[in-house]
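What follows draws every value from the coordinates through simple rules; no lab data is involved. Here the structure is a predicted model, which means the values were calculated and not measured. Glycine gets a Cβ as well: all are built from the backbone with ideal geometry, and neighbour counts include every protein chain shown.
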Amino acid sequence: MSERNRRWVYLLVLSLIWGSSYILIKKGLEGFTPLQLGSIRITMAAAMLLGIGWRSLRTIGPGQWKWVALSGVVGSLVPMYLFAFAETEIDSGITAVLNSLVPIFTIFVGYFAFGIPFTRNQVAGVGLGLAGALVLILLGAGINPGRDYSYALLVVLASLGYACNANIIKSKLSGVSPMGIAVGNFVCILPVALVMLIVSSSLSVGVRQAPTFVPALGYVFVLCLFGTCVAKVMFNRLIQISTPVFSVSVTYLIPVVGILWGVLDGERFSVGQLGAAGLILGGIYLVNKQKRHPKRSAFPENAMANQSKSDS
């Protein structure tokens, strides 16, 4: 297979993996509480990553561990719990669309936290994306009056965490290997997840005997194996054989896959919501368009690289 064809295969496979993450979270919640689900995800992912990449921890210098820890908290620990709690009230398809705000927030965080300038196109992209998110949330609340759509703000907050992580990696951890960052992230947050696992009693006899336990655990295992480990390796390889602009195109396909899974699972998605999703994707386009001028870029491509390390 030619390199050109291989990068398209990687792009499509990554879109399927990450776009399927949200329905897997939804199915996992059928057997676990949000706190249990987040704790098990982190524990599983840590075990998998340590098993294949523990030697990469050597690439982390003594003075870099604080940034690795912060990266793990805002890019993995907090988002994993936020997504689990959010999907107790909002549909998985809506979650997939809202999480595509990551490149938009990367520009926002880069400017206010790191002083990275942006252009008029990028300002317009941020505004367009946020407007689309607001419309999407309001329409979702109207279609599902029995649900608390304020939980959608948890997804927005998780996306903001991914954006913060992207900027941390770019500005503070550029000399550390991608595998080293991923493994280091989970080494730092694993103790917290283990405490939460005990507190939530997620492996109590009552949970283990529930008929939904084994299927839910299987969904979480698939999510960790493919969404965290396999996707991370594939995305890093995609960057090597293509360009950042091409790689970040996965941002446009993830919501499509997420919406399709949601519809197949009986979720409602209106024409108006499709229009709101289009506004968000239009904002992403304007934000990424500036990548032709690397010196002024706010590194939106790193948001998706970070997402592959943390999940989603």
Extension gain (nm, one decimal) between ILE241 and SER171, 0.36 nm per residue minus Cα-Cα: 22.8 nm
Mean ellipticity per residue at 222 nm, deg cm²/dmol - from DSSP H runs of n ≥ 4 across the chain, formula -39500 (n - 2.57): -22500 deg cm²/dmol
Label-point gap, in nm, between LEU264 and LYS289 - each point 7 angstrom along Cα→Cβ: 3.4 nm
Euclidean distance of C-alpha centroids, region 1-30 and region 88-111, integer Å: 17 Å
Hz values of 3J(HN,Hα) by residue in region 109-125 - Karplus curve (6.51, -1.76, 1.60), Gly and Pro given as x: 5, x, 6, 7, 9, 10, x, 7, x, 9, 9, 4, 4, 6, 4, 4, x
Modelled FRET efficiency - R0 45 Å, SER150 with LEU16, Cβ distances, 0.05 increments: 0.90
Rg followed by Dmax, in Å, when the chain is reduced to its Cα trace: 18.5, 57
